[in-house]
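Structure first, commentary second.
Every read-out reported here was derived from the displayed coordinates using simple, explicitly stated rules and does not represent laboratory data. Values in this document were obtained by computation on a predicted structure and should not be read as measured data. Positions of Cβ are backbone-derived with ideal geometry, glycine not excepted, and every protein chain shown enters the neighbour counts.
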Amino acid sequence: MSVSKTNAVRLLETAGIPFELRPYKVDPDDLSAESVARKVGMPPEQVFKTLVARGEKHGVCLAVVPANCELDLKALAKATGDKKVDTVPLKDVEPLTGYIRGGVTAIGCKKDYPVLLDETAELFDLIVLSAGLRGLQVMLAPADYIRMTRARLAPIARDKDH
């Protein structure tokens, strides 16, 4: 499988950040982060998905949570200083970020949105995120991801059965 260089990959290379690419076969009927985790052979709590949210006061932000969790909107609102935050409609994701669903990443996003990374990312030596394209994940140290995206750590994920 040939790997095309995404904006995110080019930016990581330019910054001199060590990373590993993990290509996988895309199933358009199952774009779930858990499915991606299985395909790249990583535990779901170590694979992070990037969600686009919008607060009533501070606008758009990117929320990055483990594949096996869901975004806790109340916790995100608290972290951003908004009263209310909601994920944006799917049709707005690409115009806002430049990425399609299943390929959203904070690295090389269309605009420099605030990034909130679930605090569990710090539990791992490496985390896995989208490289800006369906079918391609990037593995890197959480500290490097935080440095690249100026992400803030916050407790923004909760168990799915919550």
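See the values below:
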quantity	calculated
Which listed pairs, of 74/111; 49/111; 57/111; 91/160; 57/84, have C-alpha distances above 20 Å, in listed order	74/111; 91/160
The range 1-78: trypsin sites (Lys or Arg not before Pro) falling in loop per DSSP and having at most 15 other Cβ within 10 Å	5, 25, 57
Cross-link partners of residue 83 among aspartates and glutamates (Cα-Cα below 15 Å; sequence separation of 8 or more within a chain)	56, 72
Calculated FRET efficiency for the pair residue 25/residue 57, C-beta based, R₀ 35 Å, to 0.05	0.30
Difference of contour (0.36 nm per residue) and Cα-Cα distance, residue 10 to residue 88	25.4 nm
